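In what follows, a single structure is set out as structure tokens and then discussed.
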Amino acid sequence: MHTLRASKYGLSIKKLPPSITEVIDGLTKAGYDAYIVGGGVRDLMLGLNPKDFDAVTNATPAQIKEVFGRRCRIIGRRFELAHVFIGRELIEVATFRAPPKKVVTSAAGMILRDNNWGTIEQDFVRRDFSINTMYYQPRKGIILDFCHAIDDVKTKILRLLGEPARRFEEDPVRMLRTLRFAAKLNFKIADDILEIFTPKMTRLLRDVSPHRLYDESQKLFTMGRLKEVLPLMIEFDIWQQLFADISPNITPFIDLAAKNTDQRIQVGKTINPAFFYAVLLWENFLQRYEFYIKKGLVAAEARAQAGLDVLKRQSTRTVIPRFAETFIREVWEMQTRLLNPKPQQIPALAAHPRFRAGFDFLLLREKVGDPDTQGMGQWWETYQNLSSDEKERAISKYNRQRLKDRRKPEKVVDVEIEPLVQEPEPKPRRKRVERERPTQQTDVADNHPILKRKRVKRDLSQVIFGPTQ
């Protein structure tokens, strides 16, 4: 074990949020050892801004609950953890773990139970990557390094502790974490990991709960390096394990959506991870929609049934929560409503809770050259920036154009079709000679009595207008 001075590597208590220091101080005052561990320490060393901080201690989950009372909630069966709420922030606190006395694993070797408490020396061995094994005590200003992890941080090498094949078998999700860290930190994957990272090994992910795989997929989507991690997912055969029936091909639509997602995260904007699922499953949705249209279903029913089918099929790999499924289906439904809105419904559509997501989806489709958008993405973008009076004029202009397009007759292309049987042309009939019939005289004679009649002027002064007595 090496004890490093924290200030030498850019770590300072001033850079920590009050929530994590309150948890560390609370456990220390209660007589327990407590450290910050994992990605938070690693990111601070690399000059990054950590999203969250995890704590580790020699106190058991029950003892942690005694320290923080109602603010603490114990979760997990396989890995029992304590969630401590400090205001609106949540700090995950784990207990030092020891190697299990009796290993409870699945047929594939995945650990099913792991709640054996131990010491800090035993705990670091149980962790996955060397760069996540540094323990930081902010009050003492020291870092405990058990495996020369600081060297891997400097050389930017992603290395697993122990034998990689066994570590992947213990927890197949570590394969996803490998790709996530490689893309996020721009680290090189160690050679011994690359040797066993095969399609056969990735099939172990089928043994992982679809709910947990969904959570891990969200971490891939929201880390800000989605554009970099997608090619890695295809290269290492992770794509086929996470997505059902989605072709392992990064289309221009998917590529632009990934780039847009990363840009939003970098500027601090919020994103909905389910949005990228809507992008990934869009082609499958369209194919299923065409299938039901050919079966004779009306468009609305075809869209509804296609959405259900695609999401149900995807749930065999990653179980998308009900609220996220509803979001995805509403985004798809908004595409039809935004493409051909009724003029009187345009203000209501712009105020719809799913308008922004539906509009972003439509604009992305238009930017990659989808002809079905008919330029409506640009129209809606312009509409949002207009004043109230300008919006009314824009709607009126849109309505006139809509009516004009409806009146246009469809162009009929004349195509000469060769007859199957050559028939002789019929002889032309003789034209009938029309006899001239005497036309009836309709003109009025000049001396007709009606022409001699004179128009008498009436004296309007004697006429009473309005109600009479």
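The values are calculated or read from the model by the stated rules, or taken from the named source; none is laboratory data. Predicted model, so just to flag it, every value in this text is computed and none were measured. Don't worry about glycine lacking a Cβ; one is built from the backbone with ideal geometry, like all the others, and counts go over all protein chains shown.
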Q.
Filter the range 61-85 down to the residues that are surrounded by fewer than 16 Cβ atoms within 10 Å (Cβ to Cβ) and among the β-branched types (Val, Ile, Thr) and list them by number.
A. Ile74, Ile75
Q) Filter the range 276-320 for residues that are farther than 27 Å from Val208 by Cα and of a type in the set (Ser, Thr, Tyr); which is surrounded by the most Cβ atoms within 10 Å (Cβ to Cβ)? A) Tyr289
Q. Any chance the range 29-36 includes a residue that's farther than 18 Å from Leu144 by Cβ, crowded, with 20+ Cβ neighbours inside 10 Å and touching a strand residue (DSSP E or B) at 6+ places or on another chain (Cβ under 9 Å)?
A. no
Q: Look at Trp282 and say whether it is touching a Pro at 6+ places or on another chain (Cβ under 9 Å) and outside the structural domain of Phe359 (by TED's automatic domain parsing).
A: no
Q | Segments classed as helices (runs of 4 or more DSSP H), wholly inside the range 134-205, with at least 1 members that are under 19 Å from Arg5 (Cβ atoms) and in contact with a helix residue (DSSP H, G or I) (Cβ under 8 Å, 6 or more places away or on another chain) | A | 149-155
Q. Take the residues of the range 188-239 that are within 17 Å of the chain's Cα centre (by Cα) and acidic (Asp, Glu): which is surrounded by the fewest Cβ atoms within 10 Å (Cβ to Cβ)?
A. Asp215
Q | Residues of the range 52-76 satisfying the condition of being without any contact (Cβ under 8 Å) to a residue 12 or more places away in the chain and either in a loop (DSSP other than H, G, I, E, B) or touching a Leu at 6+ places or on another chain (Cβ under 8 Å) (or both) | A | Ile75, Gly76
Q: Assess whether Pro273 counts as being in contact (Cβ under 8 Å) with a residue 24 or more places away in the chain, exposed (fewer than 15 other Cβ atoms within 10 Å of the Cβ), over 24 Å from Phe187 (Cα atoms) and out of contact with any strand residue (DSSP E or B) (no Cβ under 7 Å at 6 or more places or on another chain).
A: no
Q: Kindly provide the set of residues from the range 154-178 that are under 16 Å from Phe236 (Cβ atoms) and touching a residue at least 60 places away in the same chain (Cβ under 8 Å), ordered by number.
A: Pro172, Met175, Leu176
Q) Which one of the conditions (1) modelled with pLDDT of 90 or more; (2) in the same structural domain as Leu81 (by TED's automatic domain parsing) does Ser106 fail to meet, given that it meets all the rest? A) (1)
